[in-house]
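The values are calculated or read from the model by the stated rules, or taken from the named source; none is laboratory data. Because the structure is a prediction, the values reported are computed rather than measured. When we count neighbours, we look across all protein chains shown, and the Cβ atoms used for this are built from the backbone with ideal geometry, even at glycine.
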Amino acid sequence: MSSPKYARRAIRAVALAAGLLALAVQAAEPPKKSRSLLLSREELRACMATKDRMQQQRDEIARLQGELDAEKGELKQSGEQLKEQLAALDRNNLEMVEKHVEANNTREKRIDAYEAKATAFNAKVDALKNDKDAYARNCEKKRFDEADELAIKKGK
């Protein structure tokens, strides 16, 4: 008794997640002109931290996307199996009917968990997009003193 409603919701969630990931990967808007000639050491430190954080977010998003895709495939496969089992189910055998209903309920719980993960994934994609916008606005194409960069890398 696989519900088409949950399958559609799962497909919509993945489509939304893929769309948001594509937006996050696209180039950000061009940065505004800076009033100062050089970034201060603190501004450069913040830019470097943002850049590192964005790389970690990209890595995590790619990993989560893979997990979500695999889970979506498993859910589709279990839905097909349940359909096949339902077609061959002896409806007079109460025990078999109960097992099928239990398997379907378990699948529905997995779909709900998948949708929660997809929502969390979308939030991470939004956070990356916000960081990317902030980086473009505050850091991209801005000049800095290379001595400041070296000092930051040395931990000063």
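If I ask for residues that are touching a helix residue (DSSP H, G or I) at 6+ places or on another chain (Cβ under 9 Å) and either modelled with pLDDT of 85 or more or on the phi > 0 side of the Ramachandran plot (or both), which ones from the range 75-95 would you list? Correct list: LEU75, LYS76, SER78, GLY79, GLN81, LEU82, GLN85, LEU86. All conditions in (1) exposed (fewer than 12 other Cβ atoms within 10 Å of the Cβ); (2) over 30 Å from LEU150 (Cα atoms) hold for GLN55, with the sole exception of (2). Selection within the range 141-156: residues that are hydrophobic (A, V, I, L, M, F, W, C) and under 13 Å from SER40 (Cβ atoms). The member of this set that is farthest from the chain's Cα centre (by Cα) is ALA147. When each of LYS72, LYS83, LYS76 is tested for being touching a residue at least 12 places away in the same chain (Cβ under 8 Å), charged (D, E, K, R) and under 30 Å from ASN130 (Cα atoms), the lone residue that passes is LYS72. Here is the figure for the range 104-120: residues that are among the hydrophobic types (A, V, I, L, M, F, W, C) and crowded, with 16+ Cβ neighbours inside 10 Å total 2.
Out of curiosity, is ALA123 touching a helix residue (DSSP H, G or I) at 6+ places or on another chain (Cβ under 9 Å), part of a helix (DSSP H, G or I) and surrounded by fewer than 17 Cβ atoms within 10 Å (Cβ to Cβ)? So ALA123 fails the test. Checked across the range 21-28, the condition of being at pLDDT below 85 and of a type outside the set (A, V, I, L, M, F, W, C) holds for at least one residue.
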